[in-house]
Amino acid sequence: MTSPPPGDYHVHTRFSDGEGEPGQCVERALTLGLPEIGFADHLAPRCADPNDEYGIGSAHVEAYVSAVREASARYSEIAVLLGVEADYVPEAEEEIAQMLAAYPFDYVMGAVHSVDGFSFDDPPNRDDRRWSDGAALYERYYELLGRAASSGLFDILAHPDYITLWGHAMRSDVSAAENEALRAIAAAGVAIEVNTTGVLDPAGRMYPAPGLLERAHRLGIPLVFGSDAHTIDQVGWSFGEGVILAMKAGYTSCLRLSSHIEEPLP
């Protein structure tokens, strides 16, 4: 008997920087035969998103929660989970904790989108002079990723090597920093995701890279799958290829978030 496909736990909607309503995304997941879907719109501390430009925004969190809960009630044939993708900024841990405690999220994804105030994924910063010392940026990124895991704020870490999105060539080895972050993630019992729409970024591959995923498996780090969909058609994006990537890294199961049980990969 074939195992069901993984759930997609990283879906954005019009409540942050995505498109469409939660119900439309659920219908797409049903078309693909996904057993569950989790919404993870952006929630950012004030220092990371002062003008509510890409996050849900404090005035709209209640509406987001209600919309996801309404979709969950409407579609009984699929598990619909209320999650959030929260930006990790070390000096804002208390604010992040207060934001997360105010709502009944089923799970929380943590993400590092900036390094010491430098929003490295912002397109105008693609060729910023700070990339001339890419190793320093990469090492600091992995330090922050490890701190995010150790903070106790997050259940999952999104796109764990997102710093590589532009495909900048590295002149030195940063594997020691990667390994230290992975050890912190393993010690905290936090999961990571295979982020499938990473193939659409300039680097042209899913996150994390195969070598990093192999090391995560050796450390026993749990795995989930997330499309990081920002449009309805990206829900469940290339999950077949994502499963192959995970299996090549040694994974034979993934975490089902509705039950917190490991289930075999299909």
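Where a number appears in this text, it was derived from the coordinates with a stated rule and is not lab data. Keep in mind that this is a model prediction, so the values were computed, not measured. Methodologically, a virtual Cβ is constructed for each residue, glycine included, from the backbone with ideal geometry; neighbour enumeration extends over all protein chains shown.
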If you plug each phi of the range 21-30 into the Karplus form 6.51 cos²θ - 1.76 cosθ + 1.60 with θ = phi - 60°, what whole-Hz ³J(HN,Hα) values come out, in order, with x for Gly and Pro?
8, x, x, 5, 5, 4, 5, 5, 4, 5
Using r as the Cβ-Cβ distance of Asn125 and His230, and R0 as 22 Å, what FRET efficiency do you calculate, to the nearest 0.05?
0.70
Listed residues Pro22, Pro222, Pro202, most fluctuating in the chain (Gaussian network, C-alpha, under 10 Å):
Pro202
Report the normalised scattering of the range 199-266 as log10 I(q)/I(0) at q = 0.28 Å⁻¹, calculated by the Debye formula with identical scatterers on the alpha carbons.
-1.36
From Cα coordinates alone, what are the radius of gyration and Dmax values for the range 8-264 in angstrom?
17.1, 52
Mind computing the radius of gyration and Dmax over the alpha-carbon atoms of the range 154-228? Å is fine for both.
12.0, 33
Among Val224, Val89, Val199, determine the one that fluctuates most according to a GNM of the chain built with springs between C-alpha atoms less than 10 Å apart.
Val199
Could you list Glu91, Glu214, Glu36 so that the one with the fewest beta carbons within 10 Å of its beta carbon is first and the one with the most is last?
Glu91, Glu214, Glu36
Could you work out which residue, out of Tyr141, Tyr103, Tyr64, moves most in a Gaussian network model of the chain, that is, has the largest mean-square fluctuation with Cα springs under 10 Å?
Tyr103
Quick one: the Cα spread of the range 64-166 along its three principal axes, in angstroms, biggest first?
51, 27, 18
Rounded D (µm²/s) - the range 1-156, Kirkwood Rh over Cα pairs, Stokes-Einstein at 25 °C, 0.890 mPa s:
147
